[in-house]
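The values are calculated or read from the model by the stated rules, or taken from the named source; none is laboratory data. Because the structure is a prediction, the values reported are computed rather than measured. Positions of Cβ are backbone-derived with ideal geometry, glycine not excepted, and every protein chain shown enters the neighbour counts. Surface areas here come from the heavy atoms of the whole protein model, side chains and all, with no ligands, DNA or RNA. Shrake-Rupley method; radii C 1.70, N 1.55, O 1.52, S 1.80 Å.
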Amino acid sequence: MQTFVSPQWLHDHLDDEHIIIVDCRFVLTDAEAGETAYQEDHIPGALYFHLSRDLSGEKKEHGGRHPLPEIGDLVSLFSQAGIDQSKTVIAYDDQDMAYAGRLWWLLRYLGHDNTAVLEGGYSAWKKAGFAVTAELPSPVPSAFVPAVRPDMLVDVQGVRERSPETVLLDSRAGERYRGEVEPLDPKAGHIPGALNFFYKDNLTSEQTLLAKEKLDERIAPFADKEIIVYCGSGVTACSNLLALHAAGRPDAKLYAGSWSDWVSYPENPVATGDE
C-alpha cells in the first residue's frame, strides 16, 4: 500500500466495502474541537478516532503526554471499527497529517500495512468539491488480529543507549528545539545530540508532501544512518515518519514518549541552542 492517497483516489474508492475511512481531526488546545468538527461534516462513511481517548493510553508518571494505548485497547478499537486484514484504512485530519499519521503508525505497529493517509487532509477533499455529510456511520465489527512489531519502537532506555552513529531527529519547531519557548512541557530544550527536523518542513503550502527529490535532499545528510524520531509527545513525529517512509526509510523508529517522557526523568540531560 502506498503511504498516501489523493482525494481523487479516495473519491473513486468511496463505495469500496474493503475501505475504512477514519477522521482523526484534533486540536491540542481544544480536545473536543476535532470531534465537534467531525459531527458537523466529514467524508461520507468516515468513523472518528479521538487522539486522547482512542489513540493514546492513560497518562502516568512516565510515558509522555500521549502514551501509546495498551495493545488490547487498540485491538478492541480496531475490531469495533470493522478493521481486519481484508480492509484498507485511509486516515485523514486537517493538521499537517500528524494525527492521521499517528493512526497510520499505530496500525503498522500492530502489523496492518494496508493503511494510508489522505494527502492534503480534509481541506483538500473539500477543495476538490467532493461530498461531505453529517451522517454517522454504523460500522460492522470484525476481528482485528495484531502482529506487533517491537522494532518500530524505542523507549527512553533505547534513546539513552543508542549508537553514536544513530541520528536522533527532533520534530518540533526550531524555537522549542532550541529551548527558547516551551508551551507544553516542564522543561525547555532538546535531547542532547538530537538534530532539529521540523515536521512541517516536509509539506508544501497546500499541506501535501514535498516532491521526492526535495525529501531526498532533506534526509541526504543521514540517509544511510539508523534514525529515531521524537517530538513533544509522539504525535507530530508520526508526520515525520510518514515523510521518511515515503522517502524510502520505512525503518525509522519512534520514541513514543518523546520529549515529555524524557523530561519526566530528572537525571536525563537537556540541551539548548543549535547543534
Original post:
What number goes with the only condition from (1) closer than 29 Å to ALA91 by Cα; (2) open to solvent by 70 Å² or more (accessible area, probe 1.4 Å); (3) in a helix (DSSP H, G or I) that SER205 does not pass?
Top reply: (3)
Subject >> Unique residue being touching a Cys at 6+ places or on another chain (Cβ under 6 Å) and open to solvent by less than 40 Å² (accessible area, probe 1.4 Å) when the list is ALA237, ALA246 >> reply: ALA237
Original post:
Hey, any hits in region 95-107 for a residue that's modelled with pLDDT of 95 or more, open to solvent by 40 Å² or more (accessible area, probe 1.4 Å) and either under 29 Å from LYS200 (Cα atoms) or not in a helix (DSSP H, G or I) (or both)?
Top reply: no
**OP:** Return the total of residues in region 221-232 being closer than 16 Å to ASN196 by Cβ and open to solvent by less than 60 Å² (accessible area, probe 1.4 Å).
**Re:** 7
**OP:** Being assigned to a loop (DSSP other than H, G, I, E, B) and closer than 29 Å to GLU165 by Cβ is the filter here, so list the residues in region 183-202 that pass it.
**Re:** ASP185, LYS187, ALA188, GLY189, ILE191, PRO192, GLY193, ALA194, PHE197, PHE198
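Considering only residues that are surrounded by fewer than 23 Cβ atoms within 10 Å (Cβ to Cβ) and either touching an Asp or Glu at 6+ places or on another chain (Cβ under 9 Å) or not in a loop (DSSP other than H, G, I, E, B) (or both), which ones fall in region 255-267?
Restricting attention to region 255-267, the residues satisfying the condition of being surrounded by fewer than 23 Cβ atoms within 10 Å (Cβ to Cβ) are 263-267.
The answer is VAL263, SER264.
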Original post:
For region 1-16, what are the residues that are closer than 27 Å to LEU244 by Cβ and open to solvent by 40 Å² or more (accessible area, probe 1.4 Å)?
Top reply: MET1, GLN2, SER6, GLN8, TRP9, HIS13
Original post:
Mind checking whether some residue in region 28-47 is within 18 Å of the chain's Cα centre (by Cα), open to solvent by less than 30 Å² (accessible area, probe 1.4 Å) and within 19 Å of CYS231 (Cα to Cα)?
Top reply: no
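Kindly evaluate SER86 against the criterion of being touching a residue at least 24 places away in the same chain (Cβ under 8 Å) and either in a helix (DSSP H, G or I) or among the basic types (Lys, Arg) (or both). Break it down stepwise before answering.
Details: touching a residue at least 24 places away in the same chain (Cβ under 8 Å): yes; either in a helix (DSSP H, G or I) or among the basic types (Lys, Arg) (or both): no.
Against the criterion (touching a residue at least 24 places away in the same chain (Cβ under 8 Å) and either in a helix (DSSP H, G or I) or among the basic types (Lys, Arg) (or both)), SER86 does not qualify.
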Subject >> Pick from region 221-254, criterion of a type in the set (A, V, I, L, M, F, W, C) and assigned to a loop (DSSP other than H, G, I, E, B), ranking: nearest to the chain's Cα centre (by Cα) >> reply: VAL235
Original post:
Among the residues of region 153-166, is there at least one that is closer than 24 Å to THR88 by Cα, modelled with pLDDT of 95 or more and either open to solvent by 50 Å² or more (accessible area, probe 1.4 Å) or not in a strand (DSSP E or B) (or both)?
Top reply: yes
**OP:** Name every residue in region 179-199 that is of a type in the set (Gly, Ala, Ser) and open to solvent by 20 Å² or more (accessible area, probe 1.4 Å), in order of residue number.
**Re:** GLY179, ALA188, GLY193
Original post:
Just one of the numbered conditions (1) touching a Lys or Arg at 6+ places or on another chain (Cβ under 9 Å); (2) in contact (Cβ under 8 Å) with a residue 40 or more places away in the chain; (3) of a type in the set (A, V, I, L, M) is not true of ALA194; which one?
Top reply: (1)
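Which one is nearest to TYR122 (Cα to Cα) among residues in region 17-27 that are open to solvent by 30 Å² or more (accessible area, probe 1.4 Å) and touching a residue at least 40 places away in the same chain (Cβ under 8 Å)?
Let us first name the residues in region 17-27 that are open to solvent by 30 Å² or more (accessible area, probe 1.4 Å), namely 17-18, 27.
When the remaining residues are screened for being touching a residue at least 40 places away in the same chain (Cβ under 8 Å), the result is 18, 27.
On the way: HIS18: 21, VAL27: 14 Å.
Filtering first and then ranking leaves VAL27.
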**OP:** Answer yes or no as to whether GLN95 is under 16 Å from TYR255 (Cα atoms) and of a type in the set (S, T, N, Q).
**Re:** no
**OP:** Could you grab me the full set of residues in region 52-72 that are under 16 Å from GLY111 (Cβ atoms), surrounded by 14 or more Cβ atoms within 10 Å (Cβ to Cβ) and not aliphatic (A, V, I, L, M)?
**Re:** PRO69
Original post:
What's the number of the condition ASN114 fails, among (1) touching a Lys or Arg at 6+ places or on another chain (Cβ under 7 Å); (2) open to solvent by less than 40 Å² (accessible area, probe 1.4 Å)?
Top reply: (2)
